[in-house]
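First the structure, in the form of structure tokens, and then the observations on it.
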Amino acid sequence: MRLTKGTDLALRIAMRLAVHDDEPAPTTREVAAAVGVPHSHAAKVVTRLQHLGVVEARRGRGGGLALTTAGRTGSIGRLVRELEGTGDVVGCEDAPPCPLRSACRLRSVLRTAQEAFYTALDPYTVDDLVASPTGPVLLGLPLGPPGPGS
């Protein structure tokens, strides 16, 4: 199973915010630069993370992004389920629909495998993901656009 780019980005943003303890809080633009994605992509993901209660965004002077307690200590499995959805791994009902769909066992086997994947993620939190050696690497990622000559 492969995660969507949006889920991958959401996890990377949450991890970067988890190690940011200094003031001022980073902006979406700064975090986007740190994780190496366009601002527009990061903004969409941050909006989704806000909706899920993982990230808090404050506007104006002294504003920025912060990981919520739920974002820091919530299950990665739950977060990935929310971001990926619980749809089928294969497109049995796509156009045209699979001719085997009425008698195929593959769909249920893949659904079981998908749930096992999520279950394996359930015990982990963002805090677990940023433990050493990852945390120091994340802290080394510069916030903001690359400097001259980068």
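The values are calculated or read from the model by the stated rules, or taken from the named source; none is laboratory data. The shown structure was predicted, so the numbers you read here are calculated from the model rather than taken from an experiment. Please note: Cβ atoms are built from the backbone with ideal geometry, for glycine as well, and neighbour counts cover all protein chains shown. Please note that ligands, DNA and RNA were not included when accessible areas were found on the heavy atoms of the full protein model with its side chains. Shrake-Rupley method; radii C 1.70, N 1.55, O 1.52, S 1.80 Å.
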With the other protein chains left in place, how much accessible area per residue, in square angstrom, belongs to segment 75-141 at a 1.4 angstrom probe? 64 Å²
Order by protection proxy (mean Cβ within 10 Å, highest first), peptides 91-99, 28-36, 135-143: 28-36, 135-143, 91-99
So which helices of the chain fit the span-like rule, where a helix is a whole DSSP H run, its Cα atoms reach 20 Å or more along the axis, and its mean Kyte-Doolittle is at least -0.5? 106-121
In percent, how large is the relative contact order of the chain, given Cα pairs closer than 8 Å and 6 or more residues apart? 33 percent
What translational diffusion coefficient, to the nearest whole µm²/s, does the chain have by Stokes-Einstein, given a Kirkwood radius computed over alpha-carbon pairs, a temperature of 37 °C and 0.692 mPa s viscosity? 194 µm²/s
Compute the relative contact order of segment 74-134 as a whole-number percentage, counting only Cα pairs closer than 8 Å that sit 6 or more residues apart in sequence. 56 percent
Determine, for each peptide in 41-48, 80-87, the mean count of other beta carbons within 10 angstrom over its residues, then list the peptides with the highest first. 41-48, 80-87
Once both label points are put 7 Å beyond Cα along the C-beta direction, the Thr73-Ser40 separation in nm becomes 3.9 nm
A 1.4 Å probe over the protein heavy atoms gives segment 79-150 a carbon and sulfur accessible-area percentage of 63 percent
